[in-house]
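Reviewing the structure listed below.
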Amino acid sequence: MKFEQRKIKEGWLLTISNAAGLKVTFSSVGAGIYDIEFHGKKMLATPKDIDTYLHNRNFYGKIIGPYGGR
């Protein structure tokens with residue numbers, strides 16, 4: 001298993017990959033899943049750039065939406 005961490009404007013992206021070809025990228029912003037790839041093929045519909053992902057009102061890949069905890 002391999003772990004990579006990358007700083008973005010408003011938090012961090014953590015990518016976890018394994019030998020089976022699965023690669024998942026998590027966002028620290030809104031407890032989100034930014035990307036899922038399997039053998040290089042995208043498995044999750046996400047915006048192409050990180051700025052759109054961070055500021056989109058559709059809350060792509062977010063585990064906690066705008067009303068979480070209420």
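Of the residues that sit in the range 43-57 and are in contact with a strand residue (DSSP E or B) (Cβ under 8 Å, 6 or more places away or on another chain) and free of Cβ contacts under 8 Å to residues at least 24 places away in the same chain, which one is surrounded by the most Cβ atoms within 10 Å (Cβ to Cβ)?
Residue satisfying both the conditions and the ranking: THR46.
Here are the criteria: (1) out of contact with any helix residue (DSSP H, G or I) (no Cβ under 9 Å at 6 or more places or on another chain); (2) open to solvent by 60 Å² or more (accessible area, probe 1.4 Å); (3) at pLDDT below 85. Tell me which single one TYR60 does not satisfy.
(1)
Pairs only if they're at least six apart or on different chains, beta carbon under 8 angstrom, first in the range 1-27 and hydroxyl-bearing (Ser, Thr, Tyr), second surrounded by 10 or more Cβ atoms within 10 Å (Cβ to Cβ) and in a loop (DSSP other than H, G, I, E, B); list them, first residue then second.
Close Cβ pairs (under 8 Å, with a partner that is surrounded by 10 or more Cβ atoms within 10 Å (Cβ to Cβ) and in a loop (DSSP other than H, G, I, E, B)) amount to SER27/GLY61.
Restricting attention to the range 10-45, which residues are under 13 Å from TYR60 (Cα atoms) and not in a strand (DSSP E or B)?
Residues satisfying the conditions are VAL29, GLY30, ALA31, LEU44, ALA45.
Do the conditions hold for LYS7, that is, is it exposed (fewer than 15 other Cβ atoms within 10 Å of the Cβ), at negative phi and in a loop (DSSP other than H, G, I, E, B)?
no
Given the conditions (1) open to solvent by less than 100 Å² (accessible area, probe 1.4 Å); (2) part of a strand (DSSP E or B); (3) modelled with pLDDT under 95, report the number of the one that PRO66 does not fulfil.
Failed condition: (2).
Quick check on my filter: what residues within the range 18-42 are farther than 15 Å from LYS2 by Cα, of a type in the set (Gly, Ala, Ser) and surrounded by fewer than 12 Cβ atoms within 10 Å (Cβ to Cβ)?
Result: GLY40, single match.
The values are calculated or read from the model by the stated rules, or taken from the named source; none is laboratory data. Just so it is clear, the model here is predicted, and its values are computed rather than measured. Cβ: placed from backbone, ideal geometry, glycine included. Neighbour counts: every protein chain shown. The protein model used for the area step is the full one, side chains on, heavy atoms only, and it has no ligands, DNA or RNA in it. Shrake-Rupley method; radii C 1.70, N 1.55, O 1.52, S 1.80 Å.
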